Each structure stands twice: as C-alpha cells, then as structure tokens.
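Report on one structure; see the data block that follows.
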Amino acid sequence: MFDLEALKAAVVDGEATQARQITEAAVQAGVAPDSIFSIALAPAMEEVGRRMQRNEYYIPEVLISAKAMKAASEILKPLIAQSGSVQRKGKAVMGTVKGDLHDIGKNLVVMMLEGAGMEVVDLGSDASPERFVEAVKQHQPEVVGMSALLTTTMLQMGKVVQALDAAGLRQSVKIMIGGAPVNEKYRQEIGADGFGADAAAAAEMAKVWVAQAGER
C-alpha cells in the first residue's frame with residue numbers, strides 16, 4: 001500500500017528507504033508520476049525549507065531530507081521525462097565558482113529548486129566564468145546562481161557577472177550569490193541581483209524571479 005502523505009513525511013523526516021518504497025508502490029498502483037511529485041515531493045521540500053528558515057532544521061537535517069528526496073525522485077524523473085507531463089516552472093543555472101570545490105550549499109539550493117519544479121542545470125564545482133556564459137547561451141535560464149565558501153574564490157563571482165555582461169547576456173538573467181563569505185554588501189559591489197543567506201532563502205528568491213518573468 002502507499003500513502004502520499006506518508007511519502008511527504010518520509011522526505012521531511014529523511015527516511016530514504018521508506019521514501020523509495022512508497023514511491024515504487026505508488027507507481028506500481030498506477031498513480032501518475034507528476035501527481036506523486038506535486039502532491040508529495042514538492043510540498044515536502046517546501047516544508048524542509050520552512051523548517052530551515054525557522055532554525056528547526058540545519059544543514060545535517062536538510063542533507064538527510066535531500067537524500068530521501070533523491071531516492072524518490074530517481075524513480076520518478078525517467079517516468080516524467082518519458083511522459084512529458086510536467087510543466088517545468090522556470091530554469092536555473094547553478095554552480096560553485098572557479099577554484100572552489102565546496103558544493104554542499106549549492107547542492108541544497110539545487111535540490112530545493114528541483115523540488116519546486118524548476119529545471120536546474122548544475123555546473124558542479126570549480127565552474128569558470130566561461131562555463132557560466134556558455135550554459136546561459138545554451139539553456140537560456142531565468143536565474144543564475146553562484147556559490148563560494150572561500151574569500152579567495154568569491155572574487156570569481158564578480159568575474160562571472162562581468163563575463164555575462166560582456167557576452168550581452170546580463171540583462172536576460174537574474175543573478176543570485178551565496179556562501180559563507182558572501183553578504184549583501186558584496187552583492188551590491190559586483191552587481192548581482194540577490195543574496196541568499198541560506199539555501200531556503202535562495203530557492204525562494206529564485207521562485208519569485210521566475211514567477212515575475214512569467215508575468216512579463
């Protein structure tokens with residue numbers, strides 16, 4: 001038997017095995033993959049984000065929830081892709097900047113954006129300005145997100161903004177930055193559009209931008 005409310009709870013609680021089992025049972029029972037995603041998985045990640053913002057969840061708890069989300073979504077993604085039944089809610093290019101290999105924060109934002117139904121092009125870590133430019137040219141996202149954990153690599157964020165500007169792409173995207181050494185002052189200095197104090201705040205910012213783009 002399956003229960004989509006139980007699936008939502010399993011993701012929020014970080015029960016990866018249970019999340020996978022419930023998802024498999026729901027698929028076998030004929031529940032549409034996009035329904036499983038929209039009824040259980042997306043609301044689960046929204047709840048994780050809310051708990052993070054209320055300081056009820058911290059990075060360890062969010063990572064465990066992300067693992068459960070991944071366990072369920074790995075079953076659904078191929079089925080959803082085959083059916084083409086999900087209307088993606090915007091697109092984002094995400095990456096940790098050149099010289100920086102830390103990706104936990106970036107991965108959390110990616111997971112939350114995917115949980116909100118956005119398509120995410122993940123450049124991984126050590127992503128150069130040129131890679132960001134090429135990704136924006138190829139995928140035409142509404143949002144570009146950059147992460148850095150080191151003060152020495154955060155300078156690359158400004159170079160990405162400059163590279164997008166030089167390529168004539170700056171006005172086509174909203175740029176958000178995040179990471180331990182980054183703050184609102186630095187956001188203003190490099191000309192980015194937003195600063196995410198944590199993964200939940202960054203994901204919420206991206207969703208607002210995509211909604212605003214859809215209204216234009």
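The values are calculated or read from the model by the stated rules, or taken from the named source; none is laboratory data. All values derive from a computational prediction rather than experimental measurement. Note: ideal-geometry Cβ built from the backbone for every residue, glycine included; neighbour counts use all protein chains shown.
What to note about this one:
- Conditions (1) modelled with pLDDT of 95 or more; (2) out of contact with any strand residue (DSSP E or B) (no Cβ under 9 Å at 6 or more places or on another chain); (3) crowded, with 16+ Cβ neighbours inside 10 Å: number failed by Ala200: (1)
- Residue, farthest from Gly179 (Cα to Cα), within segment 20-66, restricted to residues that are out of contact with any Lys or Arg (no Cβ under 8 Å at 6 or more places or on another chain) and charged (D, E, K, R): Glu24
- Residues of segment 91-106 that turn out to be surrounded by 20 or more Cβ atoms within 10 Å (Cβ to Cβ) and either in contact with a helix residue (DSSP H, G or I) (Cβ under 7 Å, 6 or more places away or on another chain) or on the phi > 0 side of the Ramachandran plot (or both), as a count: 8
- Breaking point among (1) over 25 Å from Glu46 (Cα atoms); (2) part of a strand (DSSP E or B); (3) of a type outside the set (Ser, Thr, Tyr), for Val160: (2)
- Criterion applied to Ala166, Ala127, Ala135 was being over 13 Å from the mean Cα position of the chain (by Cα), outside the structural domain of Leu76 (by TED's automatic domain parsing), in contact (Cβ under 8 Å) with a residue 40 or more places away in the chain and over 27 Å from Ile36 (Cβ atoms), and the one residue passing it is Ala135.
- Residue within segment 82-91 that is among the charged types (D, E, K, R), within 21 Å of Val12 (Cα to Cα) and modelled with pLDDT of 90 or more present: no
- One residue from Val11, Val27 being farther than 29 Å from Ala213 by Cβ, assigned to a helix (DSSP H, G or I) and at pLDDT 90 or above: Val27
Let's see how each residue does on (1) closer than 25 Å to Val48 by Cβ; (2) among the basic types (Lys, Arg):
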residue: Val161; (1), (2): no, no
residue: Lys174; (1), (2): yes, yes
residue: Gln188; (1), (2): no, no
residue: Ala201; (1), (2): yes, no
residue: Val208; (1), (2): yes, no
residue: Gln212; (1), (2): yes, no
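- Of all residues in segment 94-121, those that are assigned by TED's automatic domain parsing to the domain that holds Gly145 and in a helix (DSSP H, G or I) have Cβ atoms under 7 Å from Cβ atoms of residues that are surrounded by fewer than 22 Cβ atoms within 10 Å (Cβ to Cβ) and modelled with pLDDT under 90, 6 or more apart or on another chain, in Ile104/Ile59; Gly115/Ala42.
- Of all residues in segment 174-216 being assigned to a loop (DSSP other than H, G, I, E, B) and out of contact with any Phe, Trp or Tyr (no Cβ under 9 Å at 6 or more places or on another chain), the one that is nearest to Ala66 (Cα to Cα): Asp198
- Candidate set: segment 169-191, residues that are among the small types (Gly, Ala, Ser) and under 18 Å from the mean Cα position of the chain (by Cα); chosen: the one surrounded by the most Cβ atoms within 10 Å (Cβ to Cβ): Gly178
- Against the numbered list (1) part of a helix (DSSP H, G or I); (2) under 30 Å from Arg54 (Cβ atoms), Val144 comes up short only at (1).
- Among the residues listed as Leu63, Leu76, the single one being more than 27 Å from Leu169 (Cβ to Cβ), part of a helix (DSSP H, G or I), in the same structural domain as Ala25 (by TED's automatic domain parsing) and out of contact with any Gly (no Cβ under 9 Å at 6 or more places or on another chain): Leu76
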